[in-house]
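Report on the structure given below.
The values are calculated or read from the model by the stated rules, or taken from the named source; none is laboratory data. The shown structure was predicted, so the numbers you read here are calculated from the model rather than taken from an experiment. Here the Cβ is made from the backbone with ideal geometry for all residues, glycine too, and neighbour counts use every protein chain on show.
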Amino acid sequence: MMAFLVSAMLPTRVFAINASDRYRSPRNPERKIRSSTELIVLHTTEAAEHGSLVKLCDRGEAHFCVTEEGRVYRIVDRDREAFHAGRSMWNGREDVDKFSIGIECVGYHDKPMPMAQIEAIKTLVKELQSMYRLSDDKVVCHSHVAYGAPNRWHRQKHRGRKRCGMLFAMPSVRAQLGLKKRPAYDADVRAKRLVVGDDYLRKVLYGNIDTMKSSYKDKSRSADDKTGIFSWLKWRGSETKAPAKSATKTTAAKPAAKTAAKTATAAKPKATLHSVTPPQTKQELIMRGYKIKGSVSKDTTAAKIAGPKWNSPDTYYTIRDKVIPGNKIDPAHIEKGMFIWMR
């Protein structure tokens, strides 16, 4: 009795995932409650953010979606079935939706993701692992469980595994997510329930191919540098640094030449972070240290979010994968849903 009272008095952890309900699916109430949760499946949207979120919401095709800026959206309640895995098999069991949680990540199976997004995925995965007591090798990518429908070029009843989410099987990416283990082999191929339809993918999932290694190789950088801005500045500095020979020649030049050189240097504007090519993508904005200041809405104008800097060249607007500097945006074309980025 005393043991029971002591255990009852101990603090219990309250699980609360920090996610927005902006794209919560209207299909949520009609989805069944899952009987078990044995896997966390990581997907890549293979499409841009807005279109992906609308589609996921409309069809209820994931439990969560993580954007490149690190925002987490709840699509379907985590204890219900979300139709994310499609044609799937894991250790002889089909319809993986019935015993898994699906996380869609905005991006592509063969391209690195920004550190802000990686950190958000890591936090979400760790919370879910704690909730459902899942080991690291139970966090898989869609490629681990999905397989393609047959077509006229394949004699088998299927086309083997698919590449969606493939990067989440690579050791360098899993290391960034804090995952120390991954599935060791394909049980369904070993049991001849499936065949290998993509040998390159097999080597990624269970071999030593890791195309993301160079993107995540610098693990010793400052913990505050989660957007990679220090690395970017270091790279930019090495690119624009003048060669040592130029300094020697200037020192040896005649006084008149020295004066002319100094005048030209004074007149020439210094190269800064903003004198280089403006960022063209959200990932570049993140890499250069920009963060979302707010989103334009019916009641929230650009001026209200950014103040007098709403039209500054150091302020950026993004919508539908477009990046527009503040000094080039037409005020008449500032629309609802635009994100404003500042530093």
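With the structure loaded, tell me whether L53 is within 21 Å of the chain's Cα centre (by Cα), assigned by TED's automatic domain parsing to the domain that holds P183 and buried (at least 24 other Cβ atoms within 10 Å of the Cβ) or whether it fails that test. Step through it out loud before you land on a result.
Values: within 21 Å of the chain's Cα centre (by Cα): yes; assigned by TED's automatic domain parsing to the domain that holds P183: yes; buried (at least 24 other Cβ atoms within 10 Å of the Cβ): no.
No; evaluated as a whole, the condition is false for this residue.
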Scan the range 188-204 for residues that are in contact with a strand residue (DSSP E or B) (Cβ under 7 Å, 6 or more places away or on another chain) and closer than 20 Å to P171 by Cβ and jot them down.
D198, L201
Could you list all residues from the range 26-50 that are surrounded by fewer than 23 Cβ atoms within 10 Å (Cβ to Cβ) and either assigned to a loop (DSSP other than H, G, I, E, B) or of a type in the set (G, A, S) (or both)?
P26, R27, R31, K32, R34, S35, S36, T37, E38, E46, A47, A48
Mind counting the residues in the range 87-141 that are modelled with pLDDT of 95 or more, among the small types (G, A, S), part of a loop (DSSP other than H, G, I, E, B) and over 25 Å from V54 (Cβ atoms)?
1
If A62 satisfies every condition in (1) within 26 Å of G294 (Cα to Cα); (2) part of a helix (DSSP H, G or I) but one, which is the exception?
(2)
Select from the range 289-343 the residues that are more than 25 Å from V54 (Cβ to Cβ) and buried (at least 18 other Cβ atoms within 10 Å of the Cβ) and write down the one among them that is modelled with the lowest pLDDT.
W310
